[in-house]
Structure formats: C-alpha cells, structure tokens
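Since every read-out is calculated from the coordinates, none of them should be taken as a lab result. A quick note: this is a predicted structure, and the numbers were derived from the prediction, not measured. Cβ atoms come from the backbone with ideal geometry, glycine included; neighbour counts cover every protein chain shown.
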Amino acid sequence: MLRKHNRWLTLAALAALPLAMMVPPAVADAPSGAIFTTVADGTEVNFNIYPSKDAVYLDGGPGPGAPQTAAGLDDGTYVFQVTDPSGKTLLSTDAAACRQFTVTGGVITSVAPSVAACAHLTGTDVDHAALTVQLMRYNDTPNPGGEYKVWVTMVTDYACFPDLSQVDCIVRGAKHGFVPGDSKTDNFKVGGAALEIDTRFFRAGNFGDWIDGLKITHTDTLGASNEKWSYYAPSLQVYNEAHVEAVELGTHYVTIANQPGCTIGRVMRDGSTLPKTGPQTVPVTVHNNEKGQTLRVDVECK
C-alpha cells in the first residue's frame, strides 16, 4: 500500500471557520494512557483497517511507540461500546454488563466483571502479556466509509451506573451513557481507505531530523480524547509520527505540550508556521472531500 499523500488545512480555511469550531472542547477527566484497536495478539494493523468486524480487538495501556516511562491506563473497572463515528448510533448489541474489563498495572488483565455468560472473547498481547478484548457483538456501521468508533470509560463514570443491565443508556450530555470528557476513543475501519492525522516532531533547525517517543493528545469531534506517540514502524507505513487513524469529518484537536526531549518551539501546518509558538492545541478540520489522505502537524523541539 502506498503512503497516502499530504493534504493540509490552509490558514485561510481555518480563519473562515466559525469561532465555536476554533475552541477545543474541554477534556474533563479521561483516564490516563491510551486505548487502541488491534487483532487478537495485540499486533497493530495498517491504518486501523480490518478485514472483518470480528477481527477487531481492544487493547490498552501505553500506546504504540510510547517510552517505558509512559503511563498506562488507570487501574480499575471499565466499560466499552462501539458506535458510528458521530456517536449517534449505538452499534454494540449486548448489555453494558457484558462489555466490562479490568485494568491492573496499567493494562487489561480480565473480563471477569462482565456477566460470565456473555463476557467477550479475549486474546493475549504479544508485547505486555496483557489481554485484548474482542469488540464483536456489534452491528454494521451506517457510515458510508465503513468507519466505527470504540469508546472506553471507567464504569463509575458510565452515566447509568450502577445499572448495567441495558444495552443503551439515554442520559442528556452522554453518548449512550458515555460522557465524552470522561472517555477515550479510537476509530477503526472495516475495508476501504483511511484518512489520518499525523504529528511529527523534529529537532530545531533541522526539519526532517525526527524525534520518536513524543506524545500528543488527540481530542475528537465529540470531545473524547486519546494519547498517541511518535514512532517508526515502516512495515506499518508509520514514519516517525504520532498517528490518529480513520478520523471522522469535523474539527479535531491535537494538543502538544513540553515533555522530556522536547521543549515546543514552532508549530507548522500546511507548510506554514502558525502564529503562536510553544505548547498549544492545534485544530485540524476533516472535510468531506478528503479520502485516503494524511493531514499533518509538524512540531519543532528546542
């Protein structure tokens, strides 16, 4: 598969956005660490594109490319769901009680909290000997591009807690019981081509001298967040970037902060330096005419 060509949001287009779209949604209290989709053995899949729905598993902890010191998920009990990318349509078909798992030591270790008769199948992550959890029992997405969104939140933040007996949870301000600011999300596709947002870090004065192991926080169009790290995996067509795959239409936000190995200097998008230097949140808007392309943010590290 050829690497997707670049497509950037121009500064002129950004200036034309309504002011409401320019303000990133607040991230309330999402768990630390990252979630990501994999196959049963925890292996990453090119561009988060899967051959079938039953091939998709959930993994969690420090994400791909994270340094040894990166935080895993907060320990505790979680619940997950699968929706379309907009979060409007719940695709999971079993009760929330069946969709629970436990995190210990920053990684998934058990599905024991789930009702035994309906607990999801698990695999074993080749990297951390942690469990992966099969997402399957969920309907086909209504999204024409074959996109899905998986959500994870601590069970105590689930809007209908402690009642987990229903498939859906209708509460104002939540997406089927998942409050975006308290949730982590990751998008994936079944078939087709993916659109992604990639962030690269480079050493000051030497564009192209990329730095791996650096973190961004991605906030999706609904206000849910996840953490990604820059890394190099040419077999996956990942080239020194923190990549967010299968992004939905609308405005996403990439938050970049000072961290060990990088004091933020210039930030570039569309080949131009943004007016502000230093740590910041960069809005990136995905348009309807962008298919199988890459949107980029490039960050100078002093």
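Two decimals is fine: what's Rg over Rh for the chain, C-alpha atoms, Kirkwood radius as Rh?
Answer for the chain: 0.95.
Using a Gaussian network model of the chain whose springs link C-alpha atoms within less than 10 Å, name the residue from Lys53, Lys175, Lys88 with the highest mean-square fluctuation.
Between Lys53, Lys175, Lys88, it is Lys88 that shows the largest mean-square fluctuation.
Taking the Cα centre of the range 134-257 as the origin, how large is its charge dipole in debye, to the nearest 20, when only Lys and Arg (+1) and Asp and Glu (-1) carry charge on their Cβ atoms?
Computed about the Cα centre, the dipole is about 80 debye.
Place +1 on the Cβ of every Lys and Arg and -1 on the Cβ of every Asp and Glu in the chain, take the dipole about the Cα centre, and give the residue among Ser225, Val167, Gly265 whose Cα lies farthest towards its positive end.
Gly265
Report, in deg cm²/dmol and to the nearest 500, the calculated mean residue ellipticity at 222 nm for the chain, where each DSSP H run with n ≥ 4 adds -39500 (n - 2.57) and the sum is divided by the residue count.
The helix-only estimate for the chain comes to -500 deg cm²/dmol at 222 nm.
Put a dot 7 Å past each Cα toward the Cβ at Cys118 and Ser32; how far apart are the dots in nm?
3.3 nm
Which of Met154, Thr89, Thr102 sits farthest toward the positive end of the charge dipole of the chain, with +1 on the Cβ of Lys and Arg and -1 on the Cβ of Asp and Glu?
The Cα lying farthest towards the positive end belongs to Thr89.
Just Gly278, Gly177, Gly61 to compare: in a GNM of the chain, with alpha carbon springs under 10 Å, which one fluctuates most?
Gly278
What span do the alpha-carbon atoms of the range 200-302 cover on each of the three principal axes, reported in whole Å from largest to smallest?
Here the spans come out as 35, 34, 25 Å, largest first.
What is the list of residues in the range 134-167 whose amide nitrogen lies under 11 Å from a point 7 angstrom out from the Cα of Ala95, following Cα to Cβ?
The answer is 163-167.
Compute, for the chain, the length of the dipole vector about the Cα centre, with Cβ point charges of +1 (Lys, Arg) and -1 (Asp, Glu) only. Units Debye, rounded to 20.
My answer is approximately 780 debye.
Could you tell me the relative contact order of the range 34-190? Use alpha-carbon pairs under 8 Å, at least six residues apart, and round to a whole percent.
28 percent
Choose one answer from Val190, Val171, Val103: the residue with the largest mean-square fluctuation in a GNM of the chain with alpha-carbon springs under 10 Å.
Val171
Could you give the Stokes-Einstein D for the range 187-250 in µm² per second, using the C-alpha Kirkwood radius, 20 °C, 1.002 mPa s?
So the translational diffusion coefficient is about 167 µm²/s.
Can you figure out the FRET efficiency of Ala204 with Thr69, using R₀ = 22 Å and their beta-carbon distance, to the nearest 0.05?
0.45
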